[in-house]
Structures are given as structure tokens and as C-alpha cells.
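To start, the structure under review is shown below, and the notes come after it.
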Amino acid sequence: MSLLVRLFGLVLLAILPAIAIEAYNEFELRSIREKQVHEEALRLARLANSEMDRIAEGTREMQVAFAENPDVADANWARCNEAAARLLPRLTGYSDIGVATTGGDLVCAAVPQNRGVNIHGSPAFQGLLTANGFAIGTYDPGGPGGVKILPFGEPLRNAAGEKTGIVWATLDLDWLTRHFADRFQGADMTLALVDRDGTTLVRLPDPEKWVGHKLANQYAGMLQDLHEGTIDTVGMDGVRRIIGYAPLSLEPRGLFVGVGLTKSALFAEINRATLRGAVLVALCLGLALLAAWIGGRAFLGRPIEALLRAAERWRQGDYAARSGVAEHHSEIGQLGRAFDDMAGELEQREGERQRAEQQLRQFNDTLEQRVADRTNELVEATRRLALESEERQRAEIALLHAHRMESIGQLTGRVAHDFNNLLAAVLGNLEIAQMRAKEENVLRLLAGAARAAERGARLTEQLLAFSRKQHLQPRPVEINEMVRGMGEILERSIGETVRLEETLAPDLWPAMTDPTQIELVILNLAINARDAMPLGGRLSIETRNAAADDPQRPAELAPGDYVCITVADTGTGMSEEVLARAPEPFFTTKDAGKGSGLGLSMVYGVARQSGGAVAMTSRVGEGTTVRVYLPRAAEAEARVESPAAAAADFAALAGRTVLLIDDDEDVRQVSAALLQELDCKVVEAESGQSGLAALDGNPGIDLAVVDFAMPGMNGVKV
């Protein structure tokens, strides 16, 4: 910003208070004038409104008097017509008067052609027929001979006070326009009378142009508000006015009177005064800026230009340059002397700087290499630190995940154990009830309850498998034989749209595990694969030996040989985030009601409790592969299932004395009831210690049924 611009700014700041005072005075003057105009518009509106009140009141009194005419009261319509015809010429401004029934038939009228007409469908007369008191209609352009009219109505009642019709009168709007023009018309002023529908009845000036037109939307609030007031708006003719308005005070208030005053005419003198003031202020401002420019050039511009020329020579390297204004005795002269003294000092320092720069350049030649070497060392150390930090972070995440899964497993195991006891009691009682029930519908309900309880039992088995609290019965198992035996149930489970492929190693080692649980593992994985292939696909089951040097073995496996069961699908796959959470209990991506989130948790639990592990890989859109590793067994063992023998064993219990030891009272009671159904004599004990005492006191006990998990002394110790 140049010095002259700054000087102009100071001049503007000096003049600004005068401009602000002038603007404030102008604002106050306009505010006062506008308030006066609002008051004048409202005063004129009140005058016009009182004139309209007088006309409406006169109409009402005239109608009341006509209603008291004996011919009207006696419904002598022929003489009523004569009375109305005699009265109409004496009523200034009215086009017709008469009587109408409540149905709208004009049974009496001063104008003959109106007699017998029905006004029930006329919008202008509708309010008159239903009103219980004096009423004012709305604009009607269809009077006799095309006369624009405003109807009024007063109820006609019989001796009992019942309404039998109305006395009506129509006011000629052309006469009303002339009436208001004689009293209120003036230059730069408008007058309007509108009905409750917003239709213009009287408009001065130019009534022919505006009568019958609806008011614009900005007047809607005025019609809804039954109070007087003023508004500042643009009229229907595009001219801005201050309009005072007032509703008719006579009930019902169906008319509004508005008087508008043109703002441009009323503020013309103020606008001229404002223009004169603005011209004078602009002239004073121009003269002040001219004086500032001349003085600035003479007293400031030339000395500063000399200083700038000297500074430019310095920039070009001529440190011997001086300003030449040191002889002045003003502040500019003092600035020039300080400038020249500074120039001499800088010239001396420049020489010293050049010598120091030369020395520094020599030092930098060796410093750059030392800095580069040190930087390389820091980069290498930072890289090693980052690698160590990443490794430590991965280890911490894995440890936290393991702790979390262990905590969830412990909680799940405790809940599943207690829930399993509850289900054992429920299933036992249901079985006893089925034995004793005779009615078919009762048996059907008991069978449904038993199925639901068995589903709960299977759920607890999955929970126990995940928590590694299930009592597995591991033995050597031929996995290939098991997979072949499951072929039919697998095909039924995965459906016709999924193709099953089996690749079984011919020399597969036997695995040490619980065969029943491994069947559930394979079935769960197959069902998960089916759900991941809603449009069909391929399910592959592969078995192979995983020796100690197998590169695909999970790191968590202990040293040794394992049998690997691989279940792969070509389904939707999982993202890395979903894959990381898949083993968690109750985590599922299926819709509500379509999965418990325990399938993979059970797979992981069975594998780990068997001494193995599970590895999963998945890619979105390509499918999922699950590898289950089971420890190798020394030799295979044939599977033995003898339900007939078990049934024979139960039959052999009849008449025997059985010691029943269980810490859960509900389970103990239902087990005792089942044994009693088999004709057994039951001796109950609630703990291991009390069971041993019962055994010592009853030498005739033939066998014992013992709960495994009990506090203090478990079933194995007993």
C-alpha cells in the first residue's frame, strides 16, 4: 500500500464522523416521516371505515323497519312488492330490496324482474340465508342490468321467534364508489373496500380496472386478522405504498377498508434533501483528497523517492549509496540521517560477512559428508526399531485375542454346564411324561417339547466344544471311512445345487479323536459352505497326512504327526475383518434366525480339545478353505455301536438297587424317576462323600450312576 493511499485513508477517517452524523440525521428524519405517514394512513382508514360502518348500520336499521311492515309480517307478498317498490326510490344507493324464503326464493322484490328468482345457489347470498343475525354478503357482478352489487340480509321471524326468511337489500357498488370518491379521493392516495373473500368492491382511483379483482397474497394476513393496522408493500398497480387498513366494526365483520399513501410522493422532499447532502459531502471529500495529494507529493513523496532510489542501489550491490535528504530538519530528515548511518554500518558488515561466508563454505565441504553418514545410520536404526515395534504389536494383539477367547470359553463352559443340567432335568421329565401319557394330543405336545429341548442340548454341546469343557471320548479313528460313511447325509444337507467332491489319501494315518464330534465338525463345515453358495457351487473334502515338516501346519501345533481334513467351497468368501472374528462364539454374518454363530466355534473347540488346531483362509468372491488338524493315533480301532445291547442292559436293571449320586437336585430327581420306571430301587446321594457313606451303609447296592462334574469330589474320584 503506497504512502499516498495511506494518506487518503487518514483523510477518509477524519471525514468519516461527519458522514456518520449526516447519515444518522437522515435515518432519523426518514424514520419520523415514515411514522407520520403510517399514522396518517391509519387515520384515513379509520375515517373511511366509520363511513362504511354508518352505511351498513343504516342498511340494517332500514331492513329491521321493513321487516316490521304488517304486509311483510303477514306474508302478503303482493302488497309487500308494492311497499318495496314505494320504498326503493327513497333509498339512496340501493338497487333493490325485498324478502326471500330460507330456501332462497325471492317472494318479494322492488324490481319486478327479480321476483320469483331463487338465490340459494348464488355465492354472494349464501351467507345471508344461513345467518341468524344481520349479515353482509360478498361481491356479485350479476345484478339487474349487470349492476355490481353488495347484498345485505336481516332475519325475518314469526311471532314465535322462528326464522322464516330474510329481508334483503343490494347496495349499488357504482354508487358506493362515487360516494367514497366525493369524500376521500386525493392526489397520491388510494382507497379500497374488499369483502371477506378478498374481492375488491371499491377502488379509487381507476375503479373500472380493479373492482371485482382478488387481492394479492401479501394481503392474506390482513384478511385473517380482525384488527386494524398498517403495512408497507407494493400495491396491485406496482406502486409502493404505506397502507392503513381497518375491518368493519359492525358484526359480522365481513368488510375491510384500506387507504394507501404513495411513498415516492410523500418522501420526495426528503429524497431531494438527501441528494443535496450527499453532493456536498462528496464535494468536501474530493477537495480534502486533492489537498492531501498535493501536500503529500511535496512534503512526503520526493524525500521518500530519494530513499527508495538509494535502497534500490543497495539491492544492486552499491553499498556506498546515500539518500541525500539528511540536510532536512524534519522527521524525514532524521530518517535520512539514520538511513545514511545504517548504510555505512551495513557496508562495513558486508565485508565481514563475505569473509565469514568464505570460511563457512570451506567448513561445509566436509560437513555434508559427515551429515550424510550420520543420516544413513539413523535411517537404519529407525527401520530396525519399526520392525521390532510391528512384531511386538502383532504379539500383543495375538496375546489379547487369546486371553479374550479363553475368557469367553470359560464363561461359555460354565453357562453351558449349568444349562445342560437344566436340559437334562427337562428331557427326563418329558420322557417320564411320555411314558405315562395316554392321549395322542398330549403325546404330540410332549414330543414337540422334547425336540426343542434336544435342540437346546445340541446347542450346549457346541458351547462345551468351544470352551473345551466337553467330555470327549478320543480313540483311533479312520477318517476316510468316516467321510465315506457320511456321504449320504452330506449330500442331503448341502442340497442338489452343490457338487460334493472327495479326495481321500489312500495311506491316511488313523487320528486320535472323538468320532462323534468329528462327524459334527465335518457336518458343520459342510452346512456353512452350503450357506456361502446360495446359487450352487463345489464342496471339496480332502484328507492327507501332515508330517512334522509340513509347511502348511499352523505354528500353534505341538511337534508330531497329524491328520489334516480340508473342507473347501467356492462360495462368497470372507473379508479379512470377518475372517479374524469367525471363530468367536455367537458371531455370524447370517440373517437373524438363520445361524447361532457357534458352528465354527465348535469346530475350533473340538480340534483344540483333541490336541489339534484349525487353519482358515478365505477371499471375497473366491471361497473359503478350512483345515482341521488332528493328532495321529498309533493304530485304528473299529467303531462299535450296539443300541440293542444298550436296550438289553436297561431291561436287566429291573429289580436292582442303584446308587444315584448327583449334586443337582433337579437332575437327581428326574434320574431317580427314570430308574424307578425301570423297576429299580434307588438310593440317592447329593455329593461324592455322601455317596460313599451310602455305599458303606447299603451292602446290597448293585451299581452306581455318578455325575462327573461335582464340587469337592468329582465322579472319577468316587
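Here are the numbers for this structure:
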{"item": "Inter-centroid distance (Cα atoms) of region 51-71 relative to region 153-222, Å", "result": "17 Å"}
{"item": "Efficiency of FRET from Cβ geometry, residue 431 and residue 481, R₀ 22 Å, rounded to 0.05", "result": "0.10"}
{"item": "Region 14-50 versus region 102-140: alpha-carbon centroid distance in Å", "result": "48 Å"}
{"item": "Under 5 Å, built H, 5+ apart or other chain: amide partners of residue 235", "result": "240, 241"}
{"item": "Inter-label distance for residue 669 and residue 371, nm, one decimal - labels placed 7 Å from Cα along Cα-to-Cβ", "result": "8.8 nm"}
{"item": "Radius 11 Å from Cβ of residue 526, net charge of other residues (Lys, Arg +1; Asp, Glu -1)", "result": "-2"}
{"item": "Contour excess over end-to-end distance, with Cα ends at residue 240 and residue 178 and 0.36 nm allotted per residue", "result": "19.8 nm"}
{"item": "Region 73-174 - accessible surface per residue (Å², probe 1.4 Å)", "result": "43 Å²"}
{"item": "Whole-Hz ³J(HN,Hα) from phi, Karplus 6.51 cos²θ - 1.76 cosθ + 1.60, for region 548-555, glycine and proline x", "result": "5, 9, 5, x, 8, 5, x, 5"}
{"item": "Cα-projected label distance for residue 214 with residue 73, points at 7 Å along beta-carbon direction, nm", "result": "4.5 nm"}
{"item": "3J(HN,Hα) from dihedral phi, region 277-294, Karplus parametrisation 6.51/-1.76/1.60, rounded to Hz, x for glycine, proline", "result": "x, 5, 5, 5, 5, 5, 5, 5, 5, x, 5, 5, 5, 5, 5, 5, 5, 5"}
{"item": "Portion, in percent, of the accessible area of region 66-163 that falls on carbon or sulfur, probe 1.4 Å", "result": "50 percent"}
{"item": "Peptides ranked, highest mean first, by Cβ atoms within 10 Å: ranges 542-551, 683-692", "result": "683-692, 542-551"}
{"item": "Net length gained if the chain between residue 364 and residue 440 were fully extended (0.36 nm per residue, minus Cα distance)", "result": "16.9 nm"}
{"item": "Estimated distance in nm for a label pair at residue 314 and residue 382, the labels positioned 7 Å out from Cα along Cα-to-Cβ", "result": "4.1 nm"}
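The values are calculated or read from the model by the stated rules, or taken from the named source; none is laboratory data. This structure is a prediction, so every number in the text was calculated from the model and none was measured. We place every Cβ from the backbone using ideal geometry, glycine too, and count neighbours over all the protein chains shown. Accessible surface is based on the protein model in full, side chains and every heavy atom, while ligands, DNA and RNA are left aside. Shrake-Rupley method; radii C 1.70, N 1.55, O 1.52, S 1.80 Å.
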